[in-house]
Structures are given as C-alpha cells and as structure tokens.
1. Rounded to two decimals, what ratio of Rg to Rh does region 114-153 give with C-alpha atoms and a Kirkwood Rh?
2. When a footprinting reagent is the concern and you count Cβ atoms within 10 Å, what order do 54, 242 take, fewest first?
3. Against the longest principal axis of the chain, how steep is helix 179-189, in degrees 0 to 90 to the nearest 10, with axes from Cα atoms?
4. Over the chain, calculate the relative contact order: mean separation of alpha carbon pairs under 8 Å at least 6 apart, over the residue count, as a percent.
5. Given labels modelled 7 Å from the Cα in the Cβ direction, how far is it in nm from residue 35 to residue 297?
6. Can you tell me the FRET efficiency between residue 275 and residue 25 if r is taken as the Cβ-Cβ distance and R0 is 25 Å, rounded to the nearest 0.05?
7. With angles folded into 0 to 90 degrees, how steeply does helix 280-292 sit against the dominant principal axis of the chain? Use alpha carbons for both and round to 10.
8. Tell me, 56, 316 in order of fewest to most beta-carbon neighbours within 10 Å?
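What follows draws every value from the coordinates through simple rules; no lab data is involved. Model, not experiment: these values are computed from the prediction. With ideal geometry, Cβ positions are generated from the backbone for all residues, glycine too; neighbour counts draw on all protein chains shown.
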Ligand SMILES: NC(=O)c1ccc[n+]([C@@H]2O[C@H](COP(=O)([O-])OP(=O)(O)OC[C@H]3O[C@@H](n4cnc5c(N)ncnc54)[C@H](OP(=O)(O)O)[C@@H]3O)[C@@H](O)[C@H]2O)c1
C-alpha cells in the first residue's frame, strides 16, 4: 500500500491525486495538513481522509505516510519539500517547482542527499500523447527542428488572496502557466535555451498578467513562448514545431484527456491523430508508483526542474521583473 499525505486542502488535490488514488486499490490518501482545522476536517470527510494535521511539518513525520504531495503555493514548495525529504519521505511537488532556480537547486540537492525521489507534478508529461510527440520528433518525422512556438492561456480573474495574483506566494502568469510552454519546448529541444527578449504586461505591480518571450536553443533554434491569465483570455494551449521536412503541432498538450489533436504536415499533406489515454493525473500517479517501485526512471524533477526554473528566472529578468522570492 502506498500511503499519501497531502500538504494543503488544495483545489487541485481532488482531480490530481485524490481521484486517481481512489481508482487504485494499492494507493490511499491517509492524512491531510491544512492550516484551518475545521476546513481541513470538512475536506477530509468529503474525500474519505482519516487524519488531519494543522501543522504542515508534522505531516512529514507521520508513520502512516509514505509519500508527500505538496500542493501549496510555490513559496512553500522548497521548505516543506526539503523537510519531507529529510523526514525520509519522497515528494510529488506541484509546478512551478519552486520560487526560483536557487530554491530548486536546494530541493534537488536534498533529494540527492537523501536518495529519495522528488518528482515535479508536470502531469502532462506522463500522458502518452506527449510521449508520442517526443517519439515523433526523435524519429525525424519533420527533420531537424528549426523553430518552435508554444502558448498557454486561461483566464484567472483577480481575487484577493489568489496565489496567481500574489507575488510573495509565487504568483504570476509565467510561474503558473508559462512554466508549461517552457517545459514543452525544452523537452522536445532536448537542450537549454538562452532568453533573447521578454515582455510582460503587469496589471498590478510585480504580477505578470501576460508574458511573452523569445528563446534560442542550441544550434540557433528560436522558440516563442507566451502565456496569459488576463480576464478576457480564452483557453488555449498549443505547441507547434517547424522542422526542415515539415511541421508538427499538438493542440492541448496540457490536458489531452479533455481532447487534443496532433497534426503532421509534410509535402503539403496533413495527417492528424489522437493518442488515447486516461487523465494526465492517472498517468502521473502510475509514473510515481513506478518510480517508487524502481520500475521507471524519473523524467521530471532533478536537473530538469532546476533548468525550468532557471529559464523562468531569466525571462522575468529579461522582462525587467524580479524572479520570484528575490
Ligand atoms: N497540476 C495541475 O494541473 C495544477 C493545477 C492547478 C494548480 N496547480 C499547482 O498546485 C498548487 C496549488 O494550486 P491550487 O490551485 O490548488 O491552490 P489553492 O487551492 O488556492 O491553494 C492550495 C493551498 O495552499 C494554501 N494557501 C492558499 N492560499 C494561501 C495563502 N494566501 N497563503 C498561504 N497558503 C495559502 C492553502 O492551504 P491550507 O489548506 O492549509 O489552508 C491551500 O489549500 C500550485 O503550485 C499550482 O501551481 C497544479
């Protein structure tokens, strides 16, 4: 039995971990840590979780927890992830991994020091749709990549206390949404970018409502990435790759279980396909259990997580903004 402890009665926890755990006989959510005892108890009762702590650190010390799921705002990713690792608990940590690359490095150092898995919850990466995109690129179906374009937009209206609109908690569109397109282009490029330019729209000081950036990957391959959480943003998520022999795009790499389309255009002809799968979160939990059982290698976290945060920091600086937590 894999017994999971939740850090925070987070909105994302029911779809991302509680539902997938409920669908597996050998996985159970045993405990929750929530700052507010009554709210935590109500959340626990609703989801069939036996124990509630009001002290986040105490969760990691529990004997009935084997894995910590950290779904707190980014400002609490580093300290509590490190505390969990030091209490001998592997961690599944939500994106964005940390406030900045320095924190990400401290977290991965702790994982190395303790010899425990620290997996970044880039759920999309575990769905076979994105896996297929990576295989297609590696098979050379569009030749050598010559440019990339990726975006993720979804309206996140301002609300007092909303973490995405609160810089000290790790807010900002680039942190919350842009971390994905950066990860998409880095994953298919198989290398690390330099940031050429970046432009932010700040509707409130310190918070990028909209961000766009021009990146350059090894070999001079350009990539545009953008994200928007503006109130009038329509949901959209895409990755488009132009290669020497054609183009390949995926609409909705983020949540392919809600519908997606992979298109390959070569010699003027377009072929479209879909890759069946469960929810990204079910595949994520499969991956986590496989890593813990030694059946799979980690593909997120570690140097990948540090590199993603390094790109985020560099984009903030190129846009004239401070990386989070600095
Ligand atoms: N993988 C995905 O698809 C996905 C989707 C959405 C979000 N996320 C990530 O998951 C994490 C949580 O997102 P969410 O939307 O679930 O957030 P949320 O419900 O707004 O907040 C999560 C928890 O953080 C604590 N918290 C909230 N506001 C706080 C504040 N002002 N100060 C201190 N702590 C606060 C609360 O813990 P208590 O319960 O203890 O009060 C809350 O339950 C973020 O890192 C986010 O980027 C991932």
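1. Looking at region 114-153, the ratio lands at 1.11.
2. On the way: 54 15, 242 18.
Result, fewest neighbours first: 54, 242.
3. Helix 179-189 sits roughly 50 degrees off the main axis of the chain.
4. Numbers: 710 pairs, mean separation 61.2, N = 326.
It rounds to 19 percent for the chain.
5. Each label point lies 7 Å from its Cα, and together they span 4.0 nm.
6. Details: r = 26 Å, r/R0 = 1.06.
The pair residue 275/residue 25 has a calculated efficiency of 0.40.
7. Helix 280-292 sits roughly 70 degrees off the main axis of the chain.
8. Values: 56 21, 316 25.
Least crowded to most crowded, the residues run 56, 316.
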